[in-house]
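First up is the structure itself, then whatever we jot down about it.
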Protein chains: 2
Amino acid sequence: MIIDCHGHYTTAPAALWAWRKKQVAGQDPGPLRISDDEIRETLEKNQLRIQRERGTDLTFFSPRAGSMEHHVGDARVSEAWSRQCNDMIHRVCSLYPSNFAPVCQLPQSPGVPPENCIPELERCVKQLGFIGCNLNPDPSGGWWRSPPLGDRFWYPLYEKLVELEVPAMVHVSSSCNPAFHFTGAHYINADTTAFMQLIQCDLFKDFPTLKFVIPHGGGAVPYHWGRYRGLAQDMGRPPLKEYLLQNVFFDTCVYHLPGIELLLKVIPVENILFASEIVGAVRGVDPETGHYYDDTRRYIDAAGGLTAADREKIYSGNLRRVYPRFGARRAG
Amino acid sequence: MIIDCHGHYTTAPAALWAWRKKQVAGQDPGPLRISDDEIRETLEKNQLRIQRERGTDLTFFSPRAGSMEHHVGDARVSEAWSRQCNDMIHRVCSLYPSNFAPVCQLPQSPGVPPENCIPELERCVKQLGFIGCNLNPDPSGGWWRSPPLGDRFWYPLYEKLVELEVPAMVHVSSSCNPAFHFTGAHYINADTTAFMQLIQCDLFKDFPTLKFVIPHGGGAVPYHWGRYRGLAQDMGRPPLKEYLLQNVFFDTCVYHLPGIELLLKVIPVENILFASEIVGAVRGVDPETGHYYDDTRRYIDAAGGLTAADREKIYSGNLRRVYPRFGARRAG
């Protein structure tokens, strides 16, 4: 079985974005009216087609990351929007329970303590069967005004994640800072930044079972693995493998074979989760290979040095361990 | 000959930092008194010893990056400090002309148009024989309030760089944003951000001979080379090799063999400049190899697939081309 842990509903029906537009404009958006058939159409043409073409089985599916826009409006706006988006994901996963498993958006808001996210997190997990969430380390949208992830500011939310056995993918949203292109700089920078924040703190001493997924192949981290091992060492921290890799996992959203080969070479196979982020940041065909850039399964299948057992871990075994609510459901 | 294009005077005599401390405190720091012997001692014990031990010949040497601190004080403070730091570099290079070539700090200041840097740049290049400069894309120190590098805001400075035939290493300074560890997140993010800014603009149409060096192995860029090629393609840009790699170069400050191997695999050898950033961000010995993390020459010598001609390009040939004032001097 091949499970993709990183997919967003980028292709949601136009009515969802129209609802959001009205909400942001301060108009009453009214109830959201989208039929099941409309949802089916957006998926059949896109994610389900690609799953079939590439031979992947199931996608962990969350609202469009760039549209979380925690920086837009206040916490109430963020909450109403998150609820709407999460309900859409719930509908997708109810229509196609063997193709998608739900991951929720949190109603974060700049400067607001993240415990405000707990009610929506609980609703999603306890009532709707969500298995994971996306945590934005920068709800200001590119201005980076939140405390680092090791700060006690975040602890109430972490306590709830641990209690619910829900991992967080550390994923920013769009950037309103013109310095940062959102998918080309802000996303990758956030991955790198989050990992370095985790090197600097003792978060996993306080939360030994908390689990974070760093998307986009861990940002710059595997490429600079020697730098991070060396920085941790200079700071008197334990080796990263002992210290962070019990709790931190990298996905495989790296869109060329040499990058995937590096990831597989430096990061233990137990810490790698298959992902491709379809339909996502990069949508074209690589003229050097004739295949889609984001067809990451091809790279993993082509990479040397992996045993069948290694591939099984990357494609599903690790995911069941990191997302226990998914693992339990599938085992049951 | 082996030339290291990325070294900072991190070991400068204590009197320099004491001068700065007074300056920042608003006291009159008076004249800086440092003897030639004091300068020699800081270099003999450190950079010159390491050059001998590792068999490298010459380092392009600039003021300590983390101490540029363009965000501290106003443009006049930045100018006086830059002048002091650049004078130190000039003294180093005058004492050891076959071991060091001078690269200058620019007196940038947040919100101040960068043409304010032109007098100090001209002084360094025309009077003191400097061959390059460090350009900070974020003089706010981690808050990223400057326009992207493609913005006309920067053009007057670029015109002068082109006129003087001086390349710029795009290098941030310390971070006062607690989200960003300076060498673990801010530096690497800045490299990634700068490259993405260059994808988004037509800078090199306007300045076909302007040259930028992206340090730290290009941040996350080579690891995500498929992503960057794909993003450029989705944006309707020409292939990166045709479009940016005439003007953009990556150094080799990547502190483990798999990272260097990736860099060499995806980036054309003509675009790679040897560097190690001694005595810099990572100072320890890698327990996995028994050698210093920042001994990047070992990785390049160990990497497969390079011809002797390739190594010559990385170690010196490309550097003479990218830094024409150095190339001319050495040829003369």
*Fewest to most neighbouring Cβ within 10 Å: what's the order for A:V279, B:V24?*
B:V24, A:V279
*Divide by every residue of chain A the summed helix terms, -39500 (n - 2.57) for each DSSP H run of at least 4, and state the resulting mean residue ellipticity at 222 nm, rounded to the nearest 500 deg cm²/dmol.*
-11000 deg cm²/dmol
*Cα centroid of the range B:2-37 to Cα centroid of the range A:299-332, whole Å*: 53
*Between copies, how close do the A:P178 label points come, placed 7 Å along Cα→Cβ, listed in nm from shortest?*
3.0
_Summed residue charge, Cβ within 12 Å of B:V162's Cβ, Lys/Arg positive, Asp/Glu negative_ = -2
_P(r), alpha carbons of chain A - 10 Å bins starting at zero, rounded %_ = 6, 27, 37, 24, 6, 0
*Residues of A:274-285, mean number of Cβ from any other protein chain within 10 Å of their own Cβ, rounded to a whole number?*
2
*Taking a label point 7 Å out from Cα toward Cβ, give me the nm distances from A:D301 to the same spot in the other copies, shortest first, one decimal.*
4.2
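Per-residue mean of other chain beta-carbon atoms within 10 angstrom of the beta-carbon, peptide A:227-237?
On the way: counts 15, 5, 8, 13, 9, 3, 7, 6, 2, 0, 0.
The shielding value for this peptide is 6.
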_From the phi angles alone, apply the Karplus equation (6.51, -1.76, 1.60; θ = phi - 60°) to the range B:141-151 and give each ³J(HN,Hα) in whole Hz, x where the residue is Gly or Pro._
x, x, 9, 6, 9, 8, x, x, 4, x, 6
*Taking the label point as lying 7 angstrom from Cα along the Cα-to-Cβ axis, what are the distances from A:D37 to the corresponding position in the remaining copies, in ascending order and in nanometres?*
9.3
*Label the range B:101-168 by shape, choosing from rounded, prolate and oblate, from the square roots a ≥ b ≥ c of the eigenvalues of the Cα gyration tensor; if a/c is under 1.5 it is rounded, and otherwise prolate applies when a/b is larger than b/c, oblate when it is not.*
prolate
*Averaging sequence separations of C-alpha pairs under 8 Å and six or more residues apart, then dividing by the length of the range A:228-332, give the relative contact order as a whole percent.*
25
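So, counting K/R as plus one and D/E as minus one, what does the shell of residues with Cβ under 12 Å around B:A15 add up to? Walk me through the numbers on the way to the answer.
Numbers: positive: B:R20, B:K21, B:K22, B:R33; negative: B:E38.
Summing Lys and Arg as +1 and Asp and Glu as -1 gives +3.
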*What is the set of long-range amide H partners of A:D286 at a cut-off below 5 Å, with H atoms built 1.01 Å from backbone N?*
A:H291, A:Y292, A:Y293
_Cα gyration tensor shape of the range B:170-212, rounded if a/c is under 1.5, else prolate or oblate by comparing a/b with b/c_ = prolate
*Where Rh is the Kirkwood radius over the Cα pairs of the range A:9-49, the temperature 4 °C and the viscosity 1.567 mPa s, what D in µm²/s does Stokes-Einstein return?*
118
*Extreme residue, positive dipole direction of the range A:174-332, given options A:A309, A:S174, A:L263 (C-beta unit charges)*: A:A309
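Sorted from largest to smallest, which semi-axis lengths in Å does the alpha carbon gyration tensor of the range B:211-287 give for its equivalent ellipsoid, taking the root of 5 times each eigenvalue? Intermediate values should be presented prior to the final figure.
Working: eigenvalues 130, 34, 19 Å².
So the equivalent ellipsoid measures 26, 13, 10 Å along its semi-axes.
For the range B:1-144, compute Rh as the Kirkwood radius over C-alpha pairs and then the Stokes-Einstein diffusion coefficient at 25 °C and 0.890 mPa s; write the answer in µm²/s, rounded to an integer. Spell out each step's value before the answer.
On the way: Rh = 15.6 Å.
The calculation lands on 157 µm²/s.
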*Take B:D36, B:D294, B:D234 and order them by how many other Cβ atoms sit within 10 Å, fewest up front.*
B:D36, B:D234, B:D294
*Using 7 Å Cα-to-Cβ label points, what is the B:A302/B:A328 separation (nm, one decimal)?*
4.0
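Give me the inter-chain shielding for A:214-220: mean count of other chain Cβ atoms within 10 Å, whole number please.
Working: counts 0, 0, 4, 4, 2, 8, 18.
Shielding by partners across A:214-220 averages 5.
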*asked:* Please give the Cα centre distance for the range B:183-213 versus the range A:167-212, rounded to the nearest Å.
replied: 22
_Can you list residues from other chains, or at least 5 along the same chain, whose modelled amide H is less than 5 Å from the amide H of A:G132?_
A:C104
*asked:* I need the phi-derived Karplus couplings for the range B:180-193: 6.51 cos²θ - 1.76 cosθ + 1.60, θ = phi - 60°, integer Hz, Gly and Pro marked x.
replied: 10, 4, 5, 8, x, 10, 4, 4, 5, 4, 5, 4, 5, 4
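Nearest 20 debye, what's the magnitude of the dipole of chain B about its Cα centre given +1 on Lys and Arg Cβ and -1 on Asp and Glu Cβ?
Details: 35 positive and 37 negative charges, 48 e Å.
Once rounded to the nearest 20, the dipole reads 220 debye.
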*What is the local net charge at B:W144, summed over the other residues whose Cβ is closer than 14 Å to its Cβ (Lys, Arg +1; Asp, Glu -1)?*
-2
*asked:* Exceeding 27 Å between C-alpha atoms, which entries from my cross-link table qualify? They are A:K45/A:K126; A:K21/A:K45; B:K241/B:K313.
replied: A:K45/A:K126
*asked:* Taking the Cα centre as origin and putting +1 on Lys and Arg beta-carbons and -1 on Asp and Glu beta-carbons, what dipole magnitude results for the range B:1-158, to the nearest 20 debye?
replied: 160
*At q = 0.06, 0.10 Å⁻¹, what base-10 log of I(q)/I(0) does the Debye formula yield for the protein assembly as shown when every alpha carbon is treated as an equal point scatterer in vacuo?*
-0.33, -0.91
*How long are the semi-axes of the ellipsoid equivalent to the range B:178-330, from square roots of 5 times the Cα gyration tensor eigenvalues, in whole Å, largest first?*
25, 20, 15
*For the range B:68-114, what percent of Cα pairs sit more than 15 Å apart?*
46
*asked:* Take B:M235 and A:L245, extend 7 Å from each Cα along the Cα→Cβ direction, and tell me the distance between the two endpoints in nm.
replied: 3.4
*For the range B:39-55, just list the computed ³J(HN,Hα) in residue order, Karplus coefficients 6.51, -1.76 and 1.60, θ = phi - 60°, integers in Hz, with x standing in for Gly and Pro.*
4, 4, 4, 5, 8, 4, 6, 10, 4, 5, 4, 5, 3, 5, 4, 9, x
_Which of B:D206, B:D28 has the fewest other C-beta atoms within 10 Å, and how do the rest follow up to the most?_
B:D28, B:D206
*asked:* Return the equivalent ellipsoid semi-axes of the range A:21-77 as a descending list in whole Å, where each equals the square root of 5 times an eigenvalue of the C-alpha gyration tensor.
replied: 30, 16, 8
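Computed from the coordinates by the stated procedures, all read-outs in this text should not be read as laboratory data. Small disclaimer: the values here were computed from a predicted structure and weren't measured. In this analysis, Cβ positions are derived from the backbone assuming ideal geometry, glycine residues included, and neighbour counts consider all displayed protein chains.
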